[in-house]
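Below: the structure, in structure tokens.
The values are calculated or read from the model by the stated rules, or taken from the named source; none is laboratory data. Remember, it's a predicted structure, so these values are computed and weren't measured experimentally. Cβ placement follows ideal geometry from the backbone for every residue including glycine, while neighbour counts extend to all protein chains displayed. Accessible surface areas use protein heavy atoms only, side chains included; no ligands, DNA or RNA. Shrake-Rupley method; radii C 1.70, N 1.55, O 1.52, S 1.80 Å.
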Amino acid sequence: MSNLTAKLTVTKKETYIALLSICFAIILLLGLINDFFIGDFGGKYFLIFFTNQSNIIVFVWVILYIIGILWKNNRLYRLTHYSPIISTITFWISITFFIVAFMLFPVTGGKYYLTDQFFIVHALSPIYMWVIFLIVPGIGKFTWKHLLYSLIYPAAYLIFTVIIGETLNFFPYDFVNYKKIGTGWYILCVVILTVCFAGFGYLLGKAKNKVDKILTNSHT
């Protein structure tokens, strides 16, 4: 596999996963389209939400993964099987799940988040990546460097929400609305989230290294 021009051999298991991923990709695409046209915060606000952004990233990864497997594309195969990439995308989409499950869901009493369209992007998508995380052996190893890389996007998103808040006077989530909760609470929230995300991202990456080792040993 070190030679990108070498012929790629795909197992039956990988083919089955790719075929099931096609089904998931269709469902996710329909969910995103539905959110854009029918969702309460679709249209011009669609790309402002971390949920939609992270789900689009998952969708792109899935499409590249499918092409890499079914078309036996060596470059895409190695890219989508690169362990730090799998860990990072799983990390990002997990943020979507945990924010909703532990911050937004309790506050709203389940409002919005129990509908089919929201289940797809808030629960089904994370579940899919968790399964991929556990059954797809990765290439390479997750390190501290990759943890720092994985934190760039969430950090940039927080900056993005400030810019959007100042220019459009619209905040996608109440916990990033410093005008509503106060600057002090906002800073505290950012600090807590940063510590939690960094810890979770690190543990997730280390877990992927162990999972990959187990999967590799089971095939030898």
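Tabulated results
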item: Tally, over segment 119-143, of residues that are touching a residue at least 24 places away in the same chain (Cβ under 8 Å) and either over 26 Å from THR11 (Cα atoms) or in a helix (DSSP H, G or I) (or both); result: 15
item: Candidates PRO172, PRO154 - the one that is assigned to a helix (DSSP H, G or I) and open to solvent by less than 30 Å² (accessible area, probe 1.4 Å); result: PRO154
item: The one condition in (1) assigned to a helix (DSSP H, G or I); (2) open to solvent by 50 Å² or more (accessible area, probe 1.4 Å) that ALA18 fails to fulfil; result: (2)
item: Unmet criterion (only one of (1) surrounded by 16 or more Cβ atoms within 10 Å (Cβ to Cβ); (2) assigned to a helix (DSSP H, G or I)) for THR216; result: (1)
item: Count of segment 135-151 residues which are open to solvent by less than 50 Å² (accessible area, probe 1.4 Å) and within 22 Å of LEU47 (Cα to Cα); result: 2
item: Meets criteria (surrounded by fewer than 11 Cβ atoms within 10 Å (Cβ to Cβ) and among the β-branched types (Val, Ile, Thr)) for ILE181; result: no
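Conditions (1) modelled with pLDDT of 95 or more; (2) touching a helix residue (DSSP H, G or I) at 6+ places or on another chain (Cβ under 8 Å), marked per residue:
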| position | (1), (2) |
| --- | --- |
| ALA6 | no, yes |
| THR9 | no, no |
| TYR16 | yes, no |
| ILE56 | yes, yes |
| PHE59 | yes, yes |
| ILE63 | yes, yes |
| TRP92 | yes, yes |
| ILE99 | no, yes |
